[in-house]
Amino acid sequence: MTYPLVHDLAADGIPVAVTCGLLGFTRQAFYAWRAAPVSERDLVDAYAMNAAFEVHRDDPGFGYRFIADELADAGHALSERRVWKICSRAGIVSAHSRTRGRAKRPGPPVHDDLVERDFTATGPNRLWLTDITEHPTSEGKLYLCAVKDVWSRRIVGYSIDVRMTSHLAVDALEMAVARRGPAAVAGCIVHADRGSQFRSRPYVAALHRHGLAGSMGRVASSADNAAMESFFALLQKNVLNSRRWDTRDQLRLAIVTWTERTYHRRRRQRALGKLTPIEFETINRAAHAA
């Protein structure tokens, strides 16, 4: 709404006709607005629209239902239907909805590709990979974001939630930093694809807060996916396909149990000299530190 701007400039001595001409509407429209200012409902909608833009900017994948939940948490008492109308007027649409029925096009990178498909590391916390996968249950989908240290192939951080938002990626990153220690991870490269969660402001802010270097892969780079998909493929084979999952809590517990007990401590990997990730780190960390 630009009418208040005309009113403020008029108070500073700029003629209404001049401002209206520059902004592209008539003086009659301005005077009609001044005679009947914005209603309370329009004012509430305007504040809600501004908040919706902020939510969508942080998480482009959010649709109006998720935005309605976020607005409710922020104190905006609006129905889902009203939030839908606000989002429709503002052109706020989930990034996933835009690509439905077509090949998904990756968004623009917010980091350079610092890895260039060389997925090797000479020590711990030099290069981390992160990605998100989804898994079905009878209650609905469950999303997992994992962070893998390339050096030992250990999953150093993960987050599981019912929504695929930037908070999912941030929580996994925060867990990885807490496990490894803030001082030990400074300068570590964190490589991801161009998903909206990894391009969001909260995620980029988390990288900067911990002194991590963000990196993003190229378009249609199968090598980028393969480096992280090896873990997800094992998870799919050993957990997800093992039975039908009735509840999200059942699957959540199974994912954590298999990751921490089996993948980290029992599954030996040829790339690690037939050691488990925990054994590899235990044997090599002292030698690497020396």
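Structural remarks
- All positions within segment 173-196 that are more than 23 Å from residue 60 (Cα to Cα), touching a residue at least 24 places away in the same chain (Cβ under 8 Å) and not hydrophobic (A, V, I, L, M, F, W, C): 180, 182, 187
- Output for segment 207-219, where each listed residue is of a type in the set (Lys, Arg) and either on the phi > 0 side of the Ramachandran plot or at pLDDT below 95 (or both): 218
- Residues that are in contact with a Gly (Cβ under 6 Å, 6 or more places away or on another chain) and crowded, with 22+ Cβ neighbours inside 10 Å do not occur anywhere in segment 135-143.
- Restricting segment 223-248 to residues that are under 22 Å from the mean Cα position of the chain (by Cα) and under 17 Å from residue 161 (Cβ atoms), the residue that is surrounded by the most Cβ atoms within 10 Å (Cβ to Cβ) is 235.
- Segments classed as strands (runs of 3 or more DSSP E), wholly inside segment 121-206, with at least 1 members that are touching a helix residue (DSSP H, G or I) at 6+ places or on another chain (Cβ under 7 Å), of a type in the set (Lys, Arg) and at pLDDT below 90: none
- Number of positions in segment 50-85 that are under 14 Å from residue 200 (Cβ atoms) and not in a helix (DSSP H, G or I): 4
- Scanning segment 195-206 finds one or more residues that are surrounded by fewer than 18 Cβ atoms within 10 Å (Cβ to Cβ), farther than 20 Å from residue 154 by Cβ and in contact with an Asp or Glu (Cβ under 9 Å, 6 or more places away or on another chain).
- All conditions but one from (1) surrounded by 11 or more Cβ atoms within 10 Å (Cβ to Cβ); (2) closer than 29 Å to residue 7 by Cβ; (3) modelled with pLDDT of 80 or more apply to residue 28; the one that does not is (1).
- Annotation note: of 143, 158, the sole residue that is among the hydroxyl-bearing types (Ser, Thr, Tyr), in contact with a strand residue (DSSP E or B) (Cβ under 9 Å, 6 or more places away or on another chain) and touching a residue at least 40 places away in the same chain (Cβ under 8 Å) is 158.
- Which numbered condition residue 115 fails, given (1) out of contact with any Pro (no Cβ under 9 Å at 6 or more places or on another chain); (2) in the same structural domain as residue 253 (by TED's automatic domain parsing); (3) in a loop (DSSP other than H, G, I, E, B): (2)
The values are calculated or read from the model by the stated rules, or taken from the named source; none is laboratory data. Note that the coordinates shown come from a computational prediction; the quantities given were computed from them, not determined experimentally. Note: ideal-geometry Cβ built from the backbone for every residue, glycine included; neighbour counts use all protein chains shown.
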